[in-house]
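Structure first, commentary second.
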Amino acid sequence: MENFDRKKHWENIYQTKELKDVSWFQPTPETSLDFFNQFKVPFHAKIIDIGGGDSFLVDHLIELGYQDISVLDISAAAIERAKLRLGEKAKNVKWLVADAATFKPTEMYDFWHDRAAFHFLTDEQEISNYLQTAQQYINETGVMVIGTFSEQGPKKCSGIEIKQYSETSMTARLKMLFEKVKCITVDHTTPFETIQNFVFCSFRKLPTHS
């Protein structure tokens, strides 16, 4: 896997598969939307969806009235598909083509959402880079929500090894930078009628002492 080209892999998937033919397809991302309700995220909040691809979360957020949404994905093809689907509304979204492992934000965020991008980071340095970036670019009162395959979930996705997490292991991995608010486990039913077990955890930043 030394020379694995992550970007090429995802561009190929988004260029060859329909949205309904990928395992992560969700017409209504209820779990993610529940976190927005739980934290009473204001409509002017700066939101970023990491690895958002062409998921429907952005559609729902626009519909609800959120005004400052960024969607990041490694695949330009995925982002183009989302833009096409949204039509005129796409102009109201900031689209970012970047690898979550090396992403360098240019603004601070109030709500950092990641459903199933973080678990593709299996290299310790990449995980560390990701968490340091999130810690640096989430506002003091901001929230981070991460959803990954649980220890009861798949070990691979789209042919790639992933890193499974439990509430305990995710909390332990983030504890130097973030404080856990709440974790839940969720069964996601894929379009192929298989079940994938996820763990979703919400975090707040630990106070920084100067």
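Here, each number is a calculation from the coordinates, and none is a lab measurement. These numbers were taken from a predicted model, which means no experiment stands behind them. Note: ideal-geometry Cβ built from the backbone for every residue, glycine included; neighbour counts use all protein chains shown.
What to note about this one:
- Cross-link pairs 8/175; 163/205; 46/104; 40/163; 40/205; 7/163 - those with Cα-Cα distance over 27 Å: 8/175; 40/163
- Exposure rule at most 16 other beta-carbon atoms within 10 Å, DSSP loop chymotrypsin sites (Phe, Trp or Tyr not before Pro): the chain longest free segment: 44-191
- Amide N of segment 130-145 lying under 20 Å from the label point, which is placed 7 angstrom from the Cα of residue 40 along Cα→Cβ: 139-145
- For the chain, built as a Gaussian network whose Cα springs stay under 10 Å, the top-fluctuating residue of 131, 61, 84: 84
- Inter-label distance, nm, simple model (7 Å from Cα along the C-beta direction), residue 139/residue 98: 1.9 nm
- Rounded to the nearest 500, the 222 nm mean residue ellipticity of the chain from helices alone is -8500 deg cm²/dmol, with -39,500 (n - 2.57) taken per DSSP H run of at least 4 residues.
- Annotation for residue 89 and residue 176: the two label points, set 7 Å from Cα along the Cα-Cβ direction, are 4.1 nm apart.
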